[in-house]
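The values are calculated or read from the model by the stated rules, or taken from the named source; none is laboratory data. Just so we're clear, the structure is a prediction, and the values are computed from it rather than from any experiment. Cβ coordinates were reconstructed from backbone atoms using ideal geometry, including for glycine residues, and neighbour counts include every protein chain displayed. Only protein heavy atoms, including side chains, enter the accessible area calculation; ligands, DNA and RNA are left aside. Shrake-Rupley method; radii C 1.70, N 1.55, O 1.52, S 1.80 Å.
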Amino acid sequence: MSRPPPRPYPWQRPSAAPSQQRGPAMAAAGSPSVFLLAVNGQIESGQFPGYDDLYCKFCFVYGQDWVPTAGLEEGISQITSTSDVSPTTLVWNFPIDITFKSTNPSGWPQIVVSVYGPDFFGNDVVRGYGAVHVPFTPGRHTRTIAMFVPESTSRLQKFTSWFTGRRPEFTDPRVVAKGEGREVTRVRSQGFVTISFNVVTKDMKKLGYDVSPSDMQNPSLVPTEGIPKY
């Protein structure tokens, strides 16, 4: 007559199966807690009629949930001049490269560009401010930013700033990407800057965010004429 198996003591617990032990760890490893945004490209060129020998600065402005993980947040380019081939275009081709991580798309990064150059007396003055959001959809994009400069509030201040070489400018260019205090700032449009972006995102769909183009979500809207079939 066989005896029944011994009962475990009260302080002993049955061990879980290996698959059950690995399950939560594997699930945690398979569900990311952040998504990544990689941006590279270049500040290609600018158009500022009547001005020459200009250089540009850039910086990124982003929300509190965003953290840069690689690359440069700000930079300054070389001085460039117009040429006989392109008498109205200033070519910089200045590279940008940065990677962010975040848990929330709120505060999506913006790039702020400021352009500087000499005035009549050789003083270094601002020639334009501008900002644009990094494109939301992956791929290659080109953006043209309409630039502007702050203006003096009176003719006397305008003459004084011209004579002394101290033109109105922002102490922190990042204010261009924000709305606080902008309603009391007097500005004037001046010039354009063209930027090209190469955008790559990772794990956004796993966190519930879909940034794919609308025509890719609906295949019926994608043109098929002229596409070779193999």
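General observations
- Subset of region 92-116 (residues that are under 22 Å from Thr171 (Cα atoms) and surrounded by 21 or more Cβ atoms within 10 Å (Cβ to Cβ)): Ile111, Val112, Val113, Ser114, Val115
- Checked against (1) farther than 17 Å from Val39 by Cβ; (2) surrounded by 14 or more Cβ atoms within 10 Å (Cβ to Cβ); (3) modelled with pLDDT of 90 or more, Arg167 passes all but a single condition, namely (3).
- Across region 133-164, the qualifying residues are those that are at pLDDT 70 or above and either among the aromatic types (Phe, Trp, Tyr) or farther than 30 Å from Ser212 by Cβ (or both), and the one among them that is most open to solvent (accessible area, probe 1.4 Å) is Phe136.
- Leading residue by the ranking (nearest to the chain's Cα centre (by Cα)) among those in region 8-64 that are at pLDDT below 55 and among the charged types (D, E, K, R): Arg22
- Any hit, region 185-201, residues being touching a Pro at 6+ places or on another chain (Cβ under 8 Å), of a type in the set (A, V, I, L, M), at pLDDT below 90 and assigned to a strand (DSSP E or B): yes
- Residue in region 123-132 that is over 30 Å from Trp66 (Cβ atoms), outside any loop (DSSP other than H, G, I, E, B) and modelled with pLDDT of 85 or more present: yes
- Within region 117-138, the set of residues being over 10 Å from the mean Cα position of the chain (by Cα), of a type outside the set (Phe, Trp, Tyr) and under 24 Å from Asp172 (Cα atoms) comprises Gly117, Pro118, Asp119, Gly122, Asn123, Asp124, Val125, Val126, Arg127, Gly128, Gly130.
- Whichever residue in region 66-91 is β-branched (Val, Ile, Thr), assigned to a loop (DSSP other than H, G, I, E, B) and open to solvent by less than 60 Å² (accessible area, probe 1.4 Å) and, among such residues, is nearest to Thr103 (Cα to Cα): Thr89
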